[in-house]
Amino acid sequence: MIICKSPREIELMKESGRIVAECFKVLKASIRPGITTKELDDIAERTIRAEGGESAEKNYGADANGQGGFPGTICISVNDTLIHGIPSKDIKLKEGDIVSFDIVVKKNGYMADACRTYGVGKISPEAERLMRVTQEAFFEGFKQVKAGNYVGDISHAIQQHVEANGYSSPREYTGHGIGTHMHEDPYIPNVGSPKTGSLLRVGMTIAVEPMVNMGKHKTRVLSDGWTVKTRDGKLSCHYENTIAITADGPIIITSYEGEEFHVKS
């Protein structure tokens, strides 16, 4: 069931989105060779709490006994890890790595979700191109986020841009609706056909998130049950924003003023 939000609810989601964006600012400034992903996770935890929010990812998926949930505050994925990287004191960033921060914040009962991928120091031209194309794919999808269009229009736009640049997108992992729950209807694949899927309507709040592999689209999940890696070991990239469809058009609620974009909508 798709839950459309009132203007009041969207304002509450904007506050969660503001905290997500603040985390990106702080984390981007903290990246350096030698820092561990656990140290970065601790920075995210402090930032979220200082702003009055809480992590919606911590303990996500836990069973009735509180076991088996995601152990980090945020997901931190390095190089060939596509999504759900578990922060660890044993994982140190190195010059030339790319690292993604997937952050979901809850405040006042409402959530916002976004991801950014950054380079560590000087990265290769190939990695830079992958990051640029992934961000461009988001904005190609964003152009289709308007009342009267369909989810498939977003998916198709993302797929066309990704594949035209020689990359691929995993089939198993998608964008999604978001609100009082992290994952709501509709689900938004990164591959698809125009004029298919759910109709987009005013009040919908969705997380659009291109996940792009430099090689083939197939992935594997590690024995920890969370970490998703590319099966061929090639780099992957992830870029996401929460979008609210308003009467005045779509708005991104998880970016900050002055944030650098390779492309603009």
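The values are calculated or read from the model by the stated rules, or taken from the named source; none is laboratory data. What you see is a predicted model; the values in this text were computed from it and never measured. When we count neighbours, we look across all protein chains shown, and the Cβ atoms used for this are built from the backbone with ideal geometry, even at glycine. Keep in mind that these areas ignore ligands, DNA and RNA; they rest on the heavy atoms of the full protein, side chains included. Shrake-Rupley method; radii C 1.70, N 1.55, O 1.52, S 1.80 Å.
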Go through (1) in contact with a Gly (Cβ under 9 Å, 6 or more places away or on another chain); (2) free of Cβ contacts under 8 Å to residues at least 60 places away in the same chain one by one and return the number of the condition Arg8 breaks. (1)
Looking at (1) out of contact with any helix residue (DSSP H, G or I) (no Cβ under 6 Å at 6 or more places or on another chain); (2) within 29 Å of Ala29 (Cα to Cα), can you tell me which one Arg116 breaks? (1)
Give the number of residues within region 246-258 that are more than 19 Å from the chain's Cα centre (by Cα) and either surrounded by 24 or more Cβ atoms within 10 Å (Cβ to Cβ) or of a type in the set (S, T, N, Q) (or both). 1
Going residue by residue through region 190-204, is there one that turns out to be within 29 Å of Val26 (Cβ to Cβ) and aliphatic (A, V, I, L, M)? no
Failed criterion for Ile243 (all others in (1) open to solvent by 40 Å² or more (accessible area, probe 1.4 Å); (2) not in a loop (DSSP other than H, G, I, E, B) hold): (1)
For region 167-180, how many residues are of a type outside the set (D, E, K, R), closer than 24 Å to Val221 by Cα and open to solvent by 10 Å² or more (accessible area, probe 1.4 Å)? 4
Quick one: Thr227 ticks every box in (1) under 19 Å from the mean Cα position of the chain (by Cα); (2) closer than 21 Å to Met1 by Cα; (3) of a type in the set (Val, Ile, Thr) except a single one, so which number is it? (2)
Scanning region 16-40 for residues that are open to solvent by 10 Å² or more (accessible area, probe 1.4 Å), more than 17 Å from Ile86 (Cα to Cα) and in a helix (DSSP H, G or I) gives Arg18, Glu22, Lys25, Val26, Lys28, Ala29, Ser30
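One residue is enough: does region 226-233 have a residue meeting the conditions at pLDDT 95 or above and out of contact with any strand residue (DSSP E or B) (no Cβ under 9 Å at 6 or more places or on another chain)? Walk me through it before giving the result.
Restricting attention to region 226-233, the residues satisfying the condition of being at pLDDT 95 or above are 226-233.
Within this subset, residues satisfying the condition of being out of contact with any strand residue (DSSP E or B) (no Cβ under 9 Å at 6 or more places or on another chain) are 233.
Yes - at least one qualifying residue is present in region 226-233.
Could you tell me which of the residues Gly203, Gly225, Gly197 is farther than 24 Å from Gly96 by Cα, of a type outside the set (Val, Ile, Thr), open to solvent by less than 10 Å² (accessible area, probe 1.4 Å) and assigned to a loop (DSSP other than H, G, I, E, B)? Walk me through how you get there before you give the answer.
Details: Gly225 fails: open to solvent by less than 10 Å² (accessible area, probe 1.4 Å); Gly197 fails: open to solvent by less than 10 Å² (accessible area, probe 1.4 Å).
Among Gly203, Gly225, Gly197, only Gly203 is farther than 24 Å from Gly96 by Cα, of a type outside the set (Val, Ile, Thr), open to solvent by less than 10 Å² (accessible area, probe 1.4 Å) and assigned to a loop (DSSP other than H, G, I, E, B).
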